[in-house]
Ligand code: AMP
């Protein structure tokens with residue numbers, strides 16, 4: 001509760017951190033923060049949330065309830081978030097009472113695809129060929145220039161493939177425009193990538209930088225399915241991906257954690273697909289597999305502490321557990337727990353709807369491929385009936 005006067009000074013254990021958003025990212029952040037002796041408050045429109053279950057205080061309010069957000073910020077020493085779709089009005093309201101890290105300006109850029117792509121292109125970062133479209137006529141014209149296949153994405157509030165429509169033929173334009181049902185979208189050329197990779201990185205209050213290396217991601221139905229660390233890429237790709245990531249964090253003046261998702265093309269070129277200004281699903285392996293996790297790193301960065309070592313202790317892989325794993329009843333937890341190199345994480349969500357992220361498994365191996373095979377075998381074991 002030290003307000004503006006404390007800006008710049010480290011926020012030490014015993015202080016209170018406020019998290020806007022209350023999902024699994026906030027939960028794992030709260031676990032890391034409590035382990036280091038901090039108190040955690042969370043604000044979101046829901047109650048009994050994944051974050052609230054492990055926080056000291058859970059506030060239930062809309063993100064645009066500026067009085068509630070101000071009151072929330074008044075009771076904490078620093079505000080961070082685990083959900084980037086918080087309005088500038090809300091981050092401005094919070095900023096009156098406590099530092100907001102990363103700053104509202106970082107959210108503003110990254111929560112909107114057009115602003116994000118403009119930021120990336122203006123600063124010379126490689127992006128997927130794309131065009132802004134605001135009507136069906138503009139979409140049809142953009143399709144002539146970009147060709148098919150292409151993918152139409154809403155400009156704001158999209159994640160995990162939500163608000164997206166793939167266009168195979170020019171004649172699909174009207175159906176895609178109706179599907180995304182928006183007034184502002186981005187049309188992207190479809191990238192026939194050989195891999196998707198990401199880099200989760202942190203930047204401290206004094207500009208210190210650390211990243212968790214390049215990891216490989218496989219998606220299913222646009223949702224992350226498997227992450228393997230480290231990714232099997234050339235040294236040049238590894239260097240370029242981390243250099244681009246570092247430059248993005250510096251250009252945005254991030255204080256906190258940010259993930260850069262890339263497409264790696266068949267001729268080994270990196271294109272930035274998306275930025276997430278917070279810990280990311282593709283960094284969950286770090287919770288078990290690195291000296292410092294992405295969540296502890298977020299805490300250290302926003303509190304002005306030195307960043308921790310991101311050393312990977314063993315090759316690791318993470319498989320997501322979606323609600324679909326419950327389709328035949330309660331998963332066989334014992335079967336997965338019996339595996340010696342597997343760690344189970346569940347987020348405390350009550351209803352396992354298909355596509356909903358309910359938890360994940362982290363597996364270790366002597367090689368990344370071994371770890372990946374174990375992460376997938378462990379997930380299969382959850383479905384085994386004994
Ligand atoms: P996004 O929400 O934009 O990250 O998209 C989710 C997933 O859809 C990505 O991780 C890719 O697997 C796929 N995807 C999205 N955009 C493209 C694209 N332009 N070309 C190829 N695949 C894409």
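The values are calculated or read from the model by the stated rules, or taken from the named source; none is laboratory data. This one's a predicted model, so the numbers in the text were calculated from it and none came from an experiment. Positions of Cβ are backbone-derived with ideal geometry, glycine not excepted, and every protein chain shown enters the neighbour counts.
Tabulated data for the structure shown
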{"item": "Residue match in segment 157-168 (condition: over 26 Å from residue 107 (Cα atoms) and at pLDDT below 95)", "result": "yes"}
{"item": "Hits in segment 212-244 (condition: under 14 Å from the mean Cα position of the chain (by Cα) and under 18 Å from residue 297 (Cα atoms))", "result": "212, 215"}
{"item": "Which listed residue is within 16 Å of the ligand (Cβ to nearest atom) and touching a helix residue (DSSP H, G or I) at 6+ places or on another chain (Cβ under 7 Å), from 299, 264, 271", "result": "264"}
{"item": "Evaluation of residue 176 against (1) touching a residue at least 60 places away in the same chain (Cβ under 8 Å); (2) within 15 Å of the ligand (Cβ to nearest atom); (3) buried (at least 21 other Cβ atoms within 10 Å of the Cβ) (one fails), failing number", "result": "(1)"}
{"item": "Some residue of segment 327-336 being surrounded by fewer than 16 Cβ atoms within 10 Å (Cβ to Cβ), in a loop (DSSP other than H, G, I, E, B) and on the phi > 0 side of the Ramachandran plot", "result": "yes"}
{"item": "Strands (runs of 3 or more DSSP E) contained in segment 2-106 and holding at least 3 residues closer than 25 Å to residue 249 by Cβ", "result": "16-20, 78-81"}
{"item": "Test: residue 283 is closer than 12 Å to residue 202 by Cβ, under 17 Å from the mean Cα position of the chain (by Cα), more than 16 Å from the ligand (Cβ to nearest atom) and touching a residue at least 12 places away in the same chain (Cβ under 8 Å)", "result": "no"}
{"item": "Residues that are near the ligand (Cβ under 9 Å from one of its atoms) and in a strand (DSSP E or B), drawn from segment 183-197", "result": "188, 189, 193, 196"}
{"item": "Condition met for residue 255 (within 16 Å of the ligand (Cβ to nearest atom) and under 30 Å from residue 11 (Cβ atoms))", "result": "no"}
{"item": "Condition met for residue 153 (away from the ligand (no atom under 11 Å from the Cβ) and either closer than 30 Å to residue 243 by Cα or free of Cβ contacts under 8 Å to residues at least 12 places away in the same chain (or both))", "result": "no"}
{"item": "Unmet requirement for residue 142, which otherwise passes all of (1) within 16 Å of the ligand (Cβ to nearest atom); (2) under 24 Å from the mean Cα position of the chain (by Cα); (3) crowded, with 19+ Cβ neighbours inside 10 Å", "result": "(2)"}
{"item": "Extreme residue, surrounded by the most Cβ atoms within 10 Å (Cβ to Cβ), among residues of segment 361-386 that are within 20 Å of residue 287 (Cβ to Cβ) and touching a helix residue (DSSP H, G or I) at 6+ places or on another chain (Cβ under 8 Å)", "result": "363"}
{"item": "Which listed residue, of 211, 232, 206, is in contact with a helix residue (DSSP H, G or I) (Cβ under 8 Å, 6 or more places away or on another chain), over 19 Å from residue 268 (Cα atoms) and away from the ligand (no atom under 11 Å from the Cβ)", "result": "211"}
{"item": "Qualifying residue in segment 100-107 (condition: out of contact with any strand residue (DSSP E or B) (no Cβ under 8 Å at 6 or more places or on another chain) and surrounded by 15 or more Cβ atoms within 10 Å (Cβ to Cβ))", "result": "yes"}
{"item": "Candidate set from segment 110-138 (those that are buried (at least 21 other Cβ atoms within 10 Å of the Cβ) and over 19 Å from residue 180 (Cβ atoms)); member that is nearest to the chain's Cα centre (by Cα)", "result": "110"}
